[in-house]
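The structure appears right after this line, and notes come after that.
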Amino acid sequence: MPAGSMIVMERVSRAFDGKAGRVTALDGIDLEVGEREFVAVIGRSGCGKSTLLRLIAGLLAPTEGQVLVAGDPVTRPRRDVSVMFQRPALLPWRSVLANVMLPVEVLGLDRRWHAAAGVAVPLADLRPDRDAHGRAVLGAGRAHQDRAFR
């Protein structure tokens, strides 16, 4: 891995098996992103942008090739990588604050993050909805809540 590289993809391919047969989403991708470098991934719908990001996050495994983050092979979901999905993903039975706190619970982090979340929710324009449940947060409110996760 070249010095200063934060993300490296070496000959990465990812295929999916479907009813109509095998579909190749990415084929032989080589990518290097340096530390502190900002990169935008753009392309038409269905070209593999989300697949690429899921591979980097460890949410998918490559069919071929290798993905490295900070010099380590990506073999499972990483705690230091966050993904903001294309559609807000709320658990409707949880309050806004409980949705924001879900990663803290899943990762077994210190509960002191609860205080930070209490500060972050109002910053995302959710003050009146902090105790509302996900099903009650509609439209733009869901996008605001999703920002509070990051």
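Values for this structure:
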{"read-out": "Restricting the range 8-21 to residues that are of a type in the set (Lys, Arg) and modelled with pLDDT of 95 or more, the residue that is farthest from Gly46 (Cα to Cα)", "value": "Arg11"}
{"read-out": "The one condition in (1) at pLDDT 95 or above; (2) within 15 Å of Arg14 (Cβ to Cβ) that Leu68 fails to fulfil", "value": "(2)"}
{"read-out": "Extreme residue, surrounded by the fewest Cβ atoms within 10 Å (Cβ to Cβ), among residues of the range 94-125 that are of a type in the set (Gly, Ala, Ser), modelled with pLDDT under 80 and over 19 Å from the mean Cα position of the chain (by Cα)", "value": "Ala115"}
{"read-out": "Count - residues of the range 49-76 that are buried (at least 17 other Cβ atoms within 10 Å of the Cβ) and at positive phi", "value": "2"}
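The values are calculated or read from the model by the stated rules, or taken from the named source; none is laboratory data. Quick caveat, the model's predicted, so the values are computed rather than measured. Ideal geometry is used to build each Cβ from the backbone, glycine not excepted, and the neighbour counts take in all protein chains shown.
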